[in-house]
Amino acid sequence: DVQLQASGGGLVQAGGSLRLSCLASGFGDDDYAIAWFRQAPGKEREGVSCISSRTRSTDYVDSVRGRFTISSDNAKNLVYLQLNSLKREDTAVYYCAAPKVAGGCPGRFDDPYEYDYWGQGTQVTVSS
């Protein structure tokens with residue numbers, strides 16, 4: 001079965017960096033997708049980024065484009081999200097997620113309803 005485990009969160013000052021990791025298991029050799037979402041207190045879950053395992057194609061929402069980078073090490077079943085130039089508004093619980101159906105990142109990559117599997121989340125707090 002598919003399991004996702006997010007880690008790497010912490011507290012950093014504005015302008016700092018973190019690297020989040022998502023350990024994924026149970027996918028096999030398919031063109032699966034791993035996405036990152038985040039949810040701040042009192043706000044709805046927000047899509048951040050997605051990567052397709054076979055093509056390495058990536059997607060980003062505008063608010064993080066140029067600051068965050070998603071990457072994968074398929075041999076290790078790891079997906080990373082490098083967070084640079086962090087802002088206070090980036091503070092949230094970050095989740096990794098995957099759709100049940102293979103085929104790479106969904107066209108609506110930032111829609112949480114496209115995803116079936118979710119990790120437990122890791123807290124990112126940006127202070128000033």
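The values are calculated or read from the model by the stated rules, or taken from the named source; none is laboratory data. Fair warning: this is a prediction, and the values are worked out from it, not measured in the lab. These area figures cover heavy atoms from the full protein model, side chains too; ligands, DNA and RNA do not enter into them. Shrake-Rupley method; radii C 1.70, N 1.55, O 1.52, S 1.80 Å.
Some points to look at:
- Annotation: amide H-H contacts under 5 Å for Lys87 (H modelled 1.01 Å from N, sequence separation of 5 or more, or interchain): Gly15.
- Applied to the range 49-55, the Karplus parametrisation 6.51 cos²θ - 1.76 cosθ + 1.60 on θ = phi - 60° returns per-residue 3J(HN,Hα) values of 6, 8, 9, 9, 5, 6, 8 Hz, with x for Gly and Pro.
- Surface share of carbon and sulfur [accessible, 1.4 angstrom probe, percent] for the range 11-128: 45 percent
- Anchor Lys100: lysines whose Cα lies under 28 Å away (excluding residues fewer than 8 positions away in-chain): Lys43, Lys76
- Were the residues from Ala75 through Glu44 laid out at 0.36 nm apart, the gain over their Cα-Cα distance would be 7.8 nm.
- Take the chain with all the other protein chains still there, run a 1.4 Å probe, and you get 51 Å² of accessible area per residue.
- Diffusion coefficient (Stokes-Einstein, Kirkwood radius over C-alpha pairs, 10 °C, 1.306 mPa s) for the chain: 111 µm²/s, rounded to a whole number.
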